[in-house]
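The values are calculated or read from the model by the stated rules, or taken from the named source; none is laboratory data. Please read all numbers here as calculations on a predicted model, not as lab measurements. As a convention, Cβ positions derive from the backbone with ideal geometry for all residues, glycine included, and neighbour counts pool all protein chains shown. Side chains included, ligands, DNA and RNA excluded: accessible areas come from the protein's heavy atoms. Shrake-Rupley method; radii C 1.70, N 1.55, O 1.52, S 1.80 Å.
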Amino acid sequence: GAVSYYLFVDVPATLGGTDYRNVDVVLNNNGTYSVALVGGGLPVQALERLPTGLWLAVLESATDLSPGVFAGHNDVLITDGVTTQIYFSGSAAGVPDYAGIDTLFVDNGDLVFSFDAPVNLAGAEYSASDLVRYSGGLFSSYWDAQAAGVPADANVVGASLDAALRLVLSFDV
């Protein structure tokens, strides 16, 4: 069947004979690439497209979005491609400054993250390979990498649910 993925590259790359920048969101639709969202010059670390057409994104590094609006690498932004706001404040929710979000998706309305470093959230320890659910102001385990046999040095850098609601993961090891 048809398979479509939204992705971004961490360095400028040529896909299907076309050059893409590390600030653009790329759509791979059955092996054909196109720009889905032109980036505004801000490299993205994690990305999710909502059914409404809006995008959730985490920036690669802390950035001033506008006067008085500062986004860290543990904040989730919501954008329509023109207007951008903070959707989830990591620091307000208790995410330590050293832990950046490197994976993001939505499951039944809840945010699901992976972090680029081991992190303690509300007294629970999570590895860089675990997926953590944020629901109703609380963090909980979504997927335990160690229980699944993932080596401790593997880092989840991409996660989503496919059309059959199976977990799809990518690792940086």
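Split the accessible area of the chain by element, probe 1.4 Å, and carbon with sulfur accounts for 52%. Here the stretch 1-29 and the stretch 158-173 have alpha carbon centers that stand 17 Å from each other. From the square roots a ≥ b ≥ c of the eigenvalues of the alpha-carbon gyration tensor of the stretch 118-163, which class results: rounded (a/c under 1.5), prolate (a/b over b/c), or oblate? The shape class here is oblate. Reported value for the stretch 90-140: 67 Å³ per residue, from the convex hull of its C-alpha atoms. Report the FRET efficiency, 1/(1 + (r/R0)^6), for L161 and Q85, where r is their Cβ-Cβ distance and R0 is 30 Å, rounded to 0.05. The calculated FRET efficiency here is 0.75. For the stretch 96-173, what are the per-bin percents of Cα-Cα distances with bins 5 Å wide, up to the bin holding the maximum? Reading upward from the zero bin: 3, 16, 29, 28, 17, 6, 1. At q = 0.15 Å⁻¹, what is the log10 ratio I(q)/I(0) for the stretch 30-97, with the Debye formula run over Cα points and no solvent? Reported log10 I(q)/I(0), two decimals: -0.49. A cut-off under 13 angstrom between Cβ atoms defines the neighbours of G90, and their net charge, with Lys, Arg +1 and Asp, Glu -1, is -4.
Once the 1.4 Å probe is applied to the protein heavy atoms, the chain comes out at 53 Å² accessible per residue.
In square nanometres, what is one fourth of the surface area of the convex hull spanned by the alpha carbons of the stretch 1-129?
Averaging across all directions leaves 9.0 nm² for the Cα convex hull.
Report note on the peptides 127-139, 101-113, 21-33: ranked by the mean count of other C-beta atoms within 10 Å, highest first, their order is 101-113, 127-139, 21-33.
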